[in-house]
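Participant: To start, I am sharing the structure in question, which I have written as structure tokens.
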Amino acid sequence: MSAALDELRAALVTAFREGLAELDPAGLVERALDAEAGAHRGRVFVIAAGKAAPGMARGALRRLGRRIAGGLVVTVAAPALAARDEKTSPTDPEEAALRPLRVMRAAHPLPDARSVDAAEAALAIAAALDPEDVLIALLSGGASALLAAPPPGVSLADKQAVVAALLEGGAPIQDVNLVRRHLSRIKGGRLAAAAAPARVLTLLMSDVVGGRPHDVGSGPTVPDPTRVEEALAALERWAPRFAWVAAAFSESLKPAAADARLLEARVLADPDKLAQRVAAALADRTGLRAAAAPAEDGGAPAIVERRLALARTLAPGEAVVIPCEPTLALPAQRGAGGRAGWIALAALRGLPPDVALLCAASDGVDGSSGAAGAAVARAAATAVDDRAIDAALARFDDTVVHRALGTRVETGPTGHNLTDLHVVARAFTSGAHVS
């Protein structure tokens, strides 16, 4: 690739990192809790769940300090530890930093036995609250898998199979969480119901495009307007062989039954805010005319066509930042990769020669790829035979090709989960340059 395109690709990655840093979960929570310091006489408990849970919990501890009597932080276990019971040691730095909160770890995107243990621990905390106490729920993407409480008649293995079928069948996350909310003892406002009549304040880092509070983490502490009939329709559309679990569906906490004086929810960050921050960082760093576009979802092949159509219309020195929640139906036999890397690879050969494309997961974990995603330009395709690219796309095995091309974006886990971000940018033809 040319030096100019290499610099442009690097600038896209840097802006992505800077945008995430500006939405630091700890800082957002700390500022959101300003009004809570000294606002009530009861005890304060914290339940944080999701990929941003440790950072969000740190913000609560910084702001409320000794006012916090206890609680729980549930976050994602390291992949290497997913198959065994994981105990944090007394010297675990994260556990020490988050005291008096208990740190638990569980599997994602499918729940495991630790997810059930965490859900039971959260329900126990809620049930023990006094009326004058306050529960602060800090929820972010990934919480649905980390807090799992199957209803009677449904085993953990059943729940795992249902969720896997929905995800692999290409169901949008709203439909996945719709089913989860009605197949649970903790989601769909049931954790808030267990805490009643204590006050519950929910602070959210939303990973759902166009999502509402009940979509984030399947809404354990917020009212849910959806109905069992809607969950059944989603199940029959995306995973019909599991229609039998509908017998265990139950209605969630409805807005009409919730006391608005006791339940409050605020969204601190979402995919649109991330896109705006990344666009601003890109413009500041490069001088590109960068703009954030509305969030999108849809099937990955259709997203590829949209990115290529946009790339062809960009003027020199123009960039567009798009938060995106693609769906990708996966076969049982597949290679290593993720939806961001797959989209980048599928678009690679169709890009105009002076356009770069970044596709990255904001949590830093794009499927099974071991990377956040990829930043590509068409010239990279010359390093790999077309047949290898076609085979990788067919096998959903983009990792090996991106590694060979040097196009991987490797951030490690970011402590965020604000869905995927795509950036399409056309280089300047002359004059200003990327720095």
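The values are calculated or read from the model by the stated rules, or taken from the named source; none is laboratory data. Keep in mind that what you see is a predicted model, and the values were worked out from it rather than measured. With ideal geometry, Cβ positions are generated from the backbone for all residues, glycine too; neighbour counts draw on all protein chains shown. Side chains included, ligands, DNA and RNA excluded: accessible areas come from the protein's heavy atoms. Shrake-Rupley method; radii C 1.70, N 1.55, O 1.52, S 1.80 Å.
Participant: In the list 67, 43, 102, 17, which residue meets the criterion of being open to solvent by 60 Å² or more (accessible area, probe 1.4 Å), at pLDDT 95 or above and over 19 Å from the mean Cα position of the chain (by Cα)?
Facilitator: Selected residue: 102, the only one of 67, 43, 102, 17 that is open to solvent by 60 Å² or more (accessible area, probe 1.4 Å), at pLDDT 95 or above and over 19 Å from the mean Cα position of the chain (by Cα).
Participant: While we're on this one: Determine which single condition residue 248 fails, assuming it passes every other condition in (1) open to solvent by 40 Å² or more (accessible area, probe 1.4 Å); (2) farther than 27 Å from residue 367 by Cβ.
Facilitator: (1)
Participant: Within region 405-428, can you find the residues that are open to solvent by less than 20 Å² (accessible area, probe 1.4 Å) and basic (Lys, Arg)?
Facilitator: Hits for region 405-428: nothing passes.
Participant: Residues 211, 217, 188: which one is under 29 Å from residue 301 (Cα atoms) and either in a loop (DSSP other than H, G, I, E, B) or out of contact with any Ser or Thr (no Cβ under 6 Å at 6 or more places or on another chain) (or both)?
Facilitator: Result: 211 is the single residue among 211, 217, 188 that is under 29 Å from residue 301 (Cα atoms) and either in a loop (DSSP other than H, G, I, E, B) or out of contact with any Ser or Thr (no Cβ under 6 Å at 6 or more places or on another chain) (or both).
Participant: So, one more: I'm checking my understanding of the structure. Among residues of region 204-225 that are free of Cβ contacts under 8 Å to residues at least 60 places away in the same chain and more than 16 Å from residue 193 (Cβ to Cβ), which one is least open to solvent (accessible area, probe 1.4 Å)?
Facilitator: 215
Participant: Residue by residue through region 125-141, note down the ones that are open to solvent by 10 Å² or more (accessible area, probe 1.4 Å) and part of a loop (DSSP other than H, G, I, E, B).
Facilitator: Listed by number, the residues that qualify are 128, 129, 130, 131, 132.
Participant: Would you check which residues across region 180-198 are open to solvent by 10 Å² or more (accessible area, probe 1.4 Å), among the basic types (Lys, Arg) and in contact with a Pro (Cβ under 8 Å, 6 or more places away or on another chain) and list them?
Facilitator: Listed by number, the residues that qualify are 185, 190.
Participant: Same structure again: How about region 256-278: which of its residues are part of a helix (DSSP H, G or I) and open to solvent by 40 Å² or more (accessible area, probe 1.4 Å)?
Facilitator: 256, 257, 272, 273, 276, 277
Participant: Please go through region 26-77 and pick out each residue that is part of a helix (DSSP H, G or I), more than 18 Å from residue 417 (Cα to Cα) and not charged (D, E, K, R).
Facilitator: Across region 26-77, the qualifying residues are 32, 35, 60, 61, 64, 65.
Participant: Could you list, in sequence order, the residues of region 346-386 that are more than 18 Å from residue 404 (Cβ to Cβ) and among the polar types (S, T, N, Q)?
Facilitator: 362, the sole residue that qualifies.
Participant: Restricting the first residue to region 2-25 and requiring it to be assigned to a helix (DSSP H, G or I), which pairs with a second residue that is acidic (Asp, Glu) meet a Cβ separation below 9 Å and a spacing of at least six or different chains?
Facilitator: Close Cβ pairs satisfying both conditions: 4/354; 5/354; 8/354; 15/284; 18/284.
Participant: Would you confirm, using the coordinates I've provided, whether residue 160 is open to solvent by 10 Å² or more (accessible area, probe 1.4 Å), farther than 20 Å from residue 339 by Cβ and part of a helix (DSSP H, G or I)?
Facilitator: When the stated conditions are applied, residue 160 passes them.
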